[in-house]
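The values are calculated or read from the model by the stated rules, or taken from the named source; none is laboratory data. From a predicted model like this one, the values you see are computed outputs, not experimental measurements. Backbone-built Cβ (ideal geometry, glycine too); neighbour counts: all protein chains shown.
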Amino acid sequence: MTKNLLTFAYYMEQLYNDFGSWIRGKFAFRVQKLSVDGGFSCPNRDGRISFGGCTYCDNRTFNPAYCDRSKSVTRQLEEGKRFFARKYPDMKYLAYFQAFTNTYAPLPQLMDMYEEALQVEDIVGIVIGTRPDCVSSALLDSLQELSKRTFVLVEYGIESANDETLRRINRGHDFECSRRAIAETHNRGILTGGHIILGLPGEDADESIRQAPLISSLPLDILKIHQMQIIRGTALARSYAEKPFHVYTVDEYITLIIAYLRRLRSDLVIERFVSQSPANLLIAPKWGLKNYEFTNLLVGRLRNSGARQGDLAYTICE
Ligand code: SF4
């Protein structure tokens, strides 16, 4: 490791609880997520909840080129492994069921699909992205059993702790639903992740900062934070075209992330701060930064300010 990287890693470990360090503690080898498209739909798109979907959603932004739902789970994973093996021959992988709602099918079908992924050589665990209203007790019981023999992480789209925002973006569930699903997953000893978006319509920085302790109070192991992105073809893009609204500059977003991070408990693992949608789909904000470039900027600002994750955290009494 070069001196610069060592310095960077030192500061990162001290400044926030980063996912890279956490996952290195879980496995004796390098692992990375490999996206797989299980061919699922979403109840917020197929009419069970609504036909419109969340106003910001475009699942084209989820899948890398090797993911093709017409191919079997095994074939997608084998192709994904070949894609990365050239660069990292010793890498092992977590099958990441990412696109749409990856628990939205009958239980036997779901478990067959997860088991199929785990049978693929060098797949050492699964990550399941889903909605909090799409997990039954029976499914969580099965995942609890599975998690006794392999790495299982269930990742919930929370997006906001504000029910008015959740209505505005047409999520089709409220915050209480997220709270319940996360508690039921965590109580079974299953690794539990959450995803939130900062800068959703109607939410300014003060509102996001107000929500940080609420998110922090959830029994989550891992949190992913994303900036609001306006993607071509979505309902949000249409509203933005009709009446443009403010989206964060990089500088504003870093300021917000620091304030947010300071209010999160220090043992919560932070997997990411930003997302980069394909340039041809992204309308705004166009920061032109890779994830590591953003992290470098953030770490620099944290270092200069003396702030760190959890230094303003407090416990919410229910
Ligand atoms: S963001 Fe997720 S829950 Fe919302 S419409 Fe898209 S796939 Fe469905």
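Yes/no per residue for (1) aliphatic (A, V, I, L, M); (2) free of Cβ contacts under 8 Å to residues at least 40 places away in the same chain:
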{"residue": "Arg167", "(1), (2)": "no, yes"}
{"residue": "Ser178", "(1), (2)": "no, no"}
{"residue": "Ala181", "(1), (2)": "yes, no"}
{"residue": "Thr185", "(1), (2)": "no, no"}
{"residue": "His195", "(1), (2)": "no, no"}
{"residue": "Ser216", "(1), (2)": "no, no"}
{"residue": "Asp221", "(1), (2)": "no, no"}
{"residue": "His226", "(1), (2)": "no, no"}
{"residue": "Tyr240", "(1), (2)": "no, no"}
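Kindly indicate which of Val154, Val120 is closer than 29 Å to Arg75 by Cβ and under 18 Å from the mean Cα position of the chain (by Cα). Break it down into steps so the answer makes sense when it comes.
On the way: Val120 fails: under 18 Å from the mean Cα position of the chain (by Cα).
Residue meeting the stated conditions: Val154.
Got a number for residues in segment 177-197 being outside any helix (DSSP H, G or I) and away from the ligand (no atom under 16 Å from the Cβ)?
Of the residues in that region, 5 qualify.
Looking at (1) more than 19 Å from the chain's Cα centre (by Cα); (2) modelled with pLDDT under 95, which one does Ala259 not meet, given that it meets all the others?
(2)
Has segment 39-56 got any residue that is within 20 Å of the chain's Cα centre (by Cα), at pLDDT below 95, closer than 18 Å to Val120 by Cβ and within 16 Å of the ligand (Cβ to nearest atom)?
Taking every residue of segment 39-56 in turn, at least one turns out to be within 20 Å of the chain's Cα centre (by Cα), at pLDDT below 95, closer than 18 Å to Val120 by Cβ and within 16 Å of the ligand (Cβ to nearest atom).
Leu118 is checked against (1) among the aliphatic types (A, V, I, L, M); (2) without any contact (Cβ under 8 Å) to a residue 24 or more places away in the chain; (3) over 30 Å from Glu207 (Cα atoms) and fails just one. What number does that condition carry?
(2)
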